[in-house]
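Here is the structure we will look at.
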Amino acid sequence: MLESRGYRKSKADPCLFILYDDNQTKIEGLIALATDDMIHGGTEKHWSNMEWLKQQYRMGKYTTGSGKFTGKMVEPADDGSILIHQKHYIEEKINVIKIDKARKRQRYSQCTPVEINQLRTLLGGLSWVAKETRPDIAGKVAILQQTMPNPMIKDIVEANQVAEELKRKPDLGIRIQPIPMERLRVGVITDASWGNAGERYLEDSKKDYWEETKTSWIRHHVLPRRLLFHPGAAPGGPDLHTISRRRTTTTSMSTSSDEWDGKDGIRERQEQQWTGRTTFIKSTIEEEVNRPINERFLQLARTHSQGGYLLVYYDANLEVSEQLEMMTIAAWKSYKLKRCTVNTLSAECQSMIQGIGNLHWHRFLLTEISGGRLNLDTWEQELHRLPFIAVTDSKSLYDTVNKCRNTSAHIDDKRTAIDLTILKDDLEKTKGQVRWVCGTNMISDPLTKKMPPGFLQRVMKFGKWSLTETGHKKLLEIHALFNIKCGPCEFQGCKTHH
């Protein structure tokens, strides 16, 4: 039906229809479909077509200007920008989980079935908001989702903190900036955190097993091992807040006793390999069970890395200017890297490859909207006329891509060397450029680690960013001028907290 009125279905997205002028170089109208929702805009020719469409089909709400689209509020501003937010959803649907102070202190206790259902419900709402309009919470939510199906009370506390953050700024969202088409570019800002994602348990042997008695928990070690055993290292064991900090390790060679929660609680025994049992005595002594627990046993289980990227449409001046330039955050993702990495360089490289892969789809779409008739067999060559940037705060990745001629000789880990070779080849074919920014100017950090998202929230609010230190300082000055409270942050120059 739409094609009969001159609209062309996008090759990049079959739910997007484009109306060009007679010369096929200028957009007259756009229509995007999502299930039973539609959003559109264009010239008088397009609006004439929409009036015709209304006569052909019965439509529900048909609004102009502000309105809802797929559960998001769309609000045009006087300066030509468009704000997309979910204030209504956050205020009505996101609710913290009620938990008393005594339960909060049991941070490393396993959640009950009721608490797990409550957390699952809250994470469902948070993940929807994080996916649609709030990249500033995407990393925290993605990492919290990895705690299922065995969450702890600490995870409920952290989920509540994310919900409270949303409640404080419910109208924050994505600002679409009115960047002229002739200067519109698309880029990606990638980041990775090494070794901060993965499983909840350090080990899960099918032969070793737990035994509970009236006075103790006993872990039977059938398989030979080297490390001393931590009570939180395997599923099915005791609540860490109900046992003594002492453990007794019994092997065929000897019996020893020490504290499992000390700095060296997880270490090798003197015997090269051993079997036997580890005993933990149950305790109700308040002073003992309420002592803070070292989180090292959880950190050792995190053998994967968290990756993330922000896909942005930006003013071409951003590549050369020291001023703040307009930028729209169009897509983002926080995810666990599929392959375990040996170092930070490997993690950063995987994240950039993933980000650039998604970037190409947007480049394809932007080129198509600009009037280009792309050939699917030669799209890489045809996209050459649309350069892009891939931004990282990893100096090692930047140097390796831009300065290292022989990657295989420079990188010890040859699997990473292959990834870097693929990345460099892709950048050369598609006319991409890797740019480096200092850590304080990196806005993708909240997608890969638990950290204050204040700087990213500023960029979201104003819709401007800079690759340079000068522009970074100006953004901080604007932040201080408007006295925007972003929570404790570590960014130099933030006058609210320094």
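We did not get these values from a lab; they are worked out from the coordinates using the rules stated. Values in this document were obtained by computation on a predicted structure and should not be read as measured data. Every residue, glycine among them, receives a Cβ derived from its backbone with ideal geometry; neighbour counts consider all protein chains shown.
Sequentially through segment 11-22, phi angles give Karplus couplings (6.51, -1.76, 1.60; θ = phi - 60°) of 6, 7, 9, x, 9, 10, 10, 10, 10, 9, 6, 5 Hz, Gly and Pro residues having no value and appearing as x.
Note on Asp258 and Glu164: their simple-model spin labels are 3.8 nm apart, each label 7 Å out from Cα toward Cβ. Full extension of the segment from Lys431 to Thr303, taken as 0.36 nm per residue of separation minus the current Cα-Cα distance, would add 42.6 nm. Taking θ as phi - 60° and the Karplus parameters 6.51, -1.76 and 1.60, the scalar couplings of segment 215-224 work out to 10, 7, 10, 10, 9, 8, 9, 7, 7, x Hz in sequence order, x denoting glycine and proline. Distances between placed amide hydrogens fall under 5 Å for Ala330 paired with Leu311, Val312, Tyr313, all partners being 5 or more residues away or on another chain. Please tell me which of these pairs span more than 22 angstrom C-alpha to C-alpha: Lys98/Lys140; Lys207/Lys338; Lys131/Lys338? Too far apart for the 22 Å limit: Lys207/Lys338.
For the chain, what Kirkwood radius comes out of the mean inverse Cα-Cα distance, in Å? Taking the inverse mean of 1/r over all distinct Cα pairs, the chain comes out at 25.9 Å. Note on Lys414, Lys474: ascending count of other Cβ atoms within 10 Å places them as Lys414, Lys474, the fewest first. Put simply, the amide H of Gly195, placed in the peptide plane, has neighbours under 5 Å in Ser305, Gln306, leaving out anything fewer than 5 places away on its chain. Site pair Gln270 and Ala34 shows an inter-label distance of 6.5 nm when each label is modelled 7 Å from Cα along Cα→Cβ.
For the chain, the longest principal axis of the C-alpha atoms and the axis of helix 153-168 are separated by about 30°. Here Lys424 is the anchor, and the lysines within straight C-alpha reach of less than 16 Å, apart from those fewer than 8 places off in the same chain, are Lys395, Lys403, Lys414.
Kindly state, to the nearest 0.05, the FRET efficiency for Asp78 paired with Asp204, given R0 = 60 Å and r defined as their beta-carbon distance.
Numbers: r = 58 Å, r/R0 = 0.96.
E between Asp78 and Asp204, to the nearest 0.05, is 0.55.
Shape class for segment 3-62: oblate, because the ratio a/c of the largest to smallest gyration tensor axis (alpha-carbon atoms, square roots of eigenvalues) is 1.5 or more and b/c is at least a/b. The calculated Kirkwood hydrodynamic radius for segment 67-172 is 14.6 Å, given to one decimal from all distinct C-alpha pairs.
Here segment 276-327 and segment 442-480 have alpha carbon centers that stand 20 Å from each other. 3J(HN,Hα) along segment 103-111: 5, 4, 5, 8, 4, 9, 7, 5, 6 Hz, from the Karplus curve 6.51 cos²θ - 1.76 cosθ + 1.60 with θ = phi - 60°, whole Hz, x for Gly and Pro. Which residues' amide hydrogens lie under 5 Å from the amide hydrogen of Phe69, considering only partners 5 or more residues apart or on another chain, with H built in the peptide plane? Those lying under 5 Å, H to H, from Phe69 are Val74.
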